[in-house]
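What follows is one structure encoded as structure tokens, with my remarks underneath.
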Amino acid sequence: MIHAITYSIVEHLKANIPDVAQRVVWLYDGVTLTGRVKPFITVDQLVNNGEVVAAGRRDYQQIYALQIGVHTRSVGERSKLPEVIERALRGPIPLYDTDGATPVLTAQSFTASVTRITPISPEDVNDETNKHRAYLDVEIKYYVDSDGLTFTQ
């Protein structure tokens, strides 16, 4: 499910933030950010937590954590773009099914909560890639039955 949620968030950001529509980067092993045109956004998977919420181990609460990086050209842009992203994530975010060869839009949607926005300064002032960046910590909480067939939020 984390693949479907991450894909859905990437597509949602592309569709709802025109300034960076073609510059939303899904981070995974081997992806480099050096030389990318700013502003751009990165989406990275963090920790997943699951918990039984009903007797008989039939219902589960799942919390997925993502980090959305904002890489901008100026401190002003670094202050404004995270707020635009936060508004876009308030939902609803259309859910894609990514189990097949091609992602398919479903009738379901979800919302995401931004728990923290952290501006980061580069360690080296000559490092252009890491200047003017911030990170949004994002959580997606949903409930599923033990068969994984029912998705609710």
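Quickly run through the stretch 29-58 and pick out the residues that are farther than 21 Å from Met1 by Cβ, surrounded by 12 or more Cβ atoms within 10 Å (Cβ to Cβ), at pLDDT 90 or above and hydrophobic (A, V, I, L, M, F, W, C).
Selection gives Phe40, Ile41.
Say we look at the stretch 86-111 and pick out the residues that are in a loop (DSSP other than H, G, I, E, B) and touching a residue at least 60 places away in the same chain (Cβ under 8 Å); which of these is farthest from the chain's Cα centre (by Cα)?
Per the criteria, the residue is Asp99.
Evaluate the stretch 112-127: report whether one residue or more is assigned to a loop (DSSP other than H, G, I, E, B), under 17 Å from the mean Cα position of the chain (by Cα), at pLDDT 85 or above and surrounded by 14 or more Cβ atoms within 10 Å (Cβ to Cβ). Break it down stepwise before answering.
Filtering the stretch 112-127 down to residues assigned to a loop (DSSP other than H, G, I, E, B) leaves 112, 121-127.
In the following step, the residues that additionally are under 17 Å from the mean Cα position of the chain (by Cα) were identified as 112.
Pick out the ones that are also at pLDDT 85 or above and you get 112.
Among the residues that remain, those that are also surrounded by 14 or more Cβ atoms within 10 Å (Cβ to Cβ) are: 112.
Taking every residue of the stretch 112-127 in turn, at least one turns out to be assigned to a loop (DSSP other than H, G, I, E, B), under 17 Å from the mean Cα position of the chain (by Cα), at pLDDT 85 or above and surrounded by 14 or more Cβ atoms within 10 Å (Cβ to Cβ).
Residue check, Thr129 against (1) over 18 Å from Ala21 (Cα atoms); (2) free of Cβ contacts under 8 Å to residues at least 12 places away in the same chain, all met but one. Which one?
For Thr129, the failing item is (2).
Filter the stretch 1-26 down to residues that are surrounded by fewer than 16 Cβ atoms within 10 Å (Cβ to Cβ) and within 20 Å of Ala134 (Cβ to Cβ), then give me how many there are. Step through it out loud before you land on a result.
To start, the set of residues in the stretch 1-26 that are surrounded by fewer than 16 Cβ atoms within 10 Å (Cβ to Cβ) comprises 2-3, 14-16, 18-19, 21-22, 26.
In the following step, the residues that additionally are within 20 Å of Ala134 (Cβ to Cβ) were identified as 14, 16, 18-19, 21, 26.
Adding up the residues that qualify gives 6.
Take the conditions in contact with a Lys or Arg (Cβ under 9 Å, 6 or more places away or on another chain) and either under 17 Å from Val25 (Cα atoms) or of a type outside the set (Phe, Trp, Tyr) (or both) and apply them to Val70. Does it pass? Give the derivation first.
Working: in contact with a Lys or Arg (Cβ under 9 Å, 6 or more places away or on another chain): yes; either under 17 Å from Val25 (Cα atoms) or of a type outside the set (Phe, Trp, Tyr) (or both): yes.
Yes.
Of Gln62, Gln67, which residue is surrounded by 15 or more Cβ atoms within 10 Å (Cβ to Cβ), at pLDDT below 90 and either in contact with a helix residue (DSSP H, G or I) (Cβ under 9 Å, 6 or more places away or on another chain) or among the polar types (S, T, N, Q) (or both)?
Details: Gln67 fails: at pLDDT below 90.
The match here is Gln62.
So which residues in the stretch 106-127 are of a type in the set (D, E, K, R) and within 17 Å of Leu81 (Cβ to Cβ), if there are any at all? Talk me through it step by step, then tell me what you get.
If we filter the stretch 106-127 for residues that are of a type in the set (D, E, K, R), which is where we start, we get 116, 123-124, 127.
Residue satisfying the conditions is Arg116 alone.
The values are calculated or read from the model by the stated rules, or taken from the named source; none is laboratory data. The model shown is predicted, which means the values in this text are computed figures rather than measured ones. Reconstructed Cβ throughout: ideal geometry from the backbone, glycine too, with neighbour counts over all protein chains shown.
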